[in-house]
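Data first, discussion second: the structure below is written as structure tokens.
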Amino acid sequence: MRISYDSLKRPLCALGLGVSLWLASMGCQPESESPAEAEPSILSGAERELRIANSLTTRALVYNAISTNPPARALVASNGLAGLFDPSSGYVDLKRQLLDVDAQHFMSYLVGCALKETQSITWVDPLTSTLKTWKGKAGLCPQWAGGAPTDECKRRVSACILARNNAFGRRVELSLRGEDPSDITRFALEPKTAAVEHDPVLGQDVPSFQACTTHQLGVNRDCGWKPDYIGRCVPGHTVRLGAGGRAPDQCMGGPVLGSLSGDMMLRVCDGIVGCDDGSARKLAQSQGACSTPQPAVTFTCPASGEFNVMTAPYDSWQSGTANVGVEPGTPAGTTYRRSEKDVFSYREGAFYGTIFDGELGTKQYVNVTRDGKVMGKEQRIQGTMYPKMFSCHAPEWNQGLAYATHRVCAQPGSGMDCAATVTGACINPGDRNFPASMCKVEDGPLVGGDGDFEQCMDPSQNEWKEPITVYLHAPCDLIPDGNSELCVWRRVQK
């Protein structure tokens, strides 16, 4: 629902002296002129379900002109987002804060966590008149688009934002798990997990997943492909799969693997991330096997024990479907269409609290002046910017406290510029009482078996009911700086 100017005006003017003074230059009036529109620019990344990517740097979360600016934060926390940033009727001073690039990043993650895929928020850059759009994804608080969020909403979205932050801004897909009694399906796990479209090593989307801009034919092209699913196999053994064809080493007597509609191709890549034709991770590809147009491949299972499949029509102007089938009952032990629970099996920890309430850890606000200058970024603080944000670590980490601090502090190892307070182990198998264990529940009952920590406490023993638990695909996913000793993870007896 879109908020009208009248319903938005009153709560803005009633927010108190700090916000009123901040808005005084416009007499608490909305913007009257409509900037020229341009083609939308999508700020948020491609994400699916609650497998969601994170690349919000801790520095951007700790120092930005929205959440580290109390008047701006108060407006965002108590009003609908669409009305606040509306290109024609939004509020000039608030929208000017988005000239801070880190504020744009913060808003993209706020919108991505709060709103659904069918919702979006637009903002016009006042310097360039460029229209930009943030797209929803997780849908943890869809009502925030049109009205003030509840406290529960703000806590759930805060947990999501913190879960998607890391010191290095390395975009890696996460599995977010939790509970929402109002919608028990919100955190449901995917029964089958698609290949990942963003390459975290290269820091970009895999080109082959982009649309073709010209008419192209054949398996060697690096555009127009779509992700299929993720498989597992025993390293060193032979894997065969196809979409209506026989494997090329079994043309005379092998089984037909899978099926297809149309003229389709297959590409297989090492790991869970898709690949291009020239990539070292490409394991095999086929536009037809055994003198037929039906694709099938034979490859050796890589050392990772994981592979993913991509599909595409032979002709980029055509369409079709491929139902990939794998050869069963071989030493490779091949499984395909793995679940989210299986692919993302490394429990990291829980994130909880609120970004939007309480005093900040600094009196020096981040602010954008009328001439577009960003102020307040040069500061450093000891401890956390958001005293009501918390993180606990899973018991599987060998150095849990060090890992968790590395995760939520902009200057890892220093305890400075942190986005949250690390409270300790979420669960200590040897002592499940506070403070040895910061959470009361290790697997919430609404989605059985997903391993989400619930009823987590802060150091003052206040209980937070909206934690989000993160699971990783690999322990070192978020530690790309060579500190491999921090990501030593081993399974513990529950």
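FYI, it's all coordinate maths here, none of it is from the lab. None of the values given here were measured: they were computed from a predicted structure. So basically every Cβ, Gly included, is an ideal-geometry build from the backbone, and we count neighbours across all protein chains shown.
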Fraction of beta bridges assigned by DSSP in the chain that are antiparallel (%, nearest 5): 85 percent
By the scheme Lys and Arg +1, Asp and Glu -1, what is the net charge of all other residues having a beta-carbon under 15 Å from that of residue 312? -3
For Cα pairs less than 8 Å apart in space and 6+ apart in sequence, what is the mean separation divided by the residue count of region 99-245, i.e. the relative contact order in percent? 14 percent
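Neighbouring Cβ atoms within 10 Å as the yardstick, rank 110, 446 fewest first.
Starting with the residue having the fewest Cβ neighbours, the order is 446, 110.
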Got a sec? How would 391, 414, 158, 460 order by Cβ neighbour count within 10 Å, fewest to most? 460, 414, 158, 391
Computed from the coordinates I sent, Rg and Dmax of the Cα atoms in Å equals one of [x] 25.9, 96; [y] 24.5, 82; [z] 22.1, 72. Tell me the label. [y]
Quick one: grab Rg to one decimal and Dmax as a whole number for region 350-409, Cα atoms only, in Å. 15.2, 50
Using a Förster distance of 35 Å, the FRET efficiency for residue 378-residue 345 (Cβ separation, nearest 0.05): 0.25
Students often get this wrong: which residues of region 239-264 have the backbone nitrogen under 13 Å from the point 7 angstrom along Cα-to-C-beta of residue 319? 262
Pull up the cross-link candidates among the lysines for residue 377, meaning alpha carbon to alpha carbon under 28 Å and not fewer than 8 places away within one chain. 95, 132, 135, 154, 363, 388
The percentage of Cα-Cα pairs in region 276-374 separated by more than 15 Å is 79 percent
How big is the charge dipole of the chain about its Cα centre, in debye rounded to the nearest 20, if each Lys and Arg gets +1 on its Cβ and each Asp and Glu gets -1 on its Cβ? 280 debye
Under Karplus coefficients 6.51, -1.76 and 1.60, residue-wise ³J(HN,Hα) of region 372-388 in Hz, glycine/proline x: x, 8, 8, 10, x, 7, 7, 6, 9, 10, 8, x, 10, 6, 10, x, 9
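Relative to the present Cα-Cα distance, how much length would full extension add between residue 455 and residue 398 at 0.36 nm per residue of separation?
18.1 nm
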How far apart, in nanometres, would the label points at residue 217 and residue 434 be if each is projected 7 angstrom from Cα along the Cα-to-Cβ direction? 7.0 nm
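Can you sort 393, 198 so the residue with the fewest Cβ neighbours within 10 Å comes first? Show your work: numbers first, answer last.
Numbers: 393 25, 198 20.
Ranked by crowding around the Cβ, least crowded first: 198, 393.
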I'd like to compare 184-193, 465-474: which one has the highest average count of other Cβ atoms within 10 Å, and what's the full order after that? 465-474, 184-193
Before anything else, pin down the relative contact order of the chain: Cα pairs under 8 Å, at least 6 apart, normalised by residue count, whole percent. 16 percent
Tell me, what is a quarter of the convex hull surface for the C-alpha atoms of region 265-320, in nm² with one decimal? 4.2 nm²
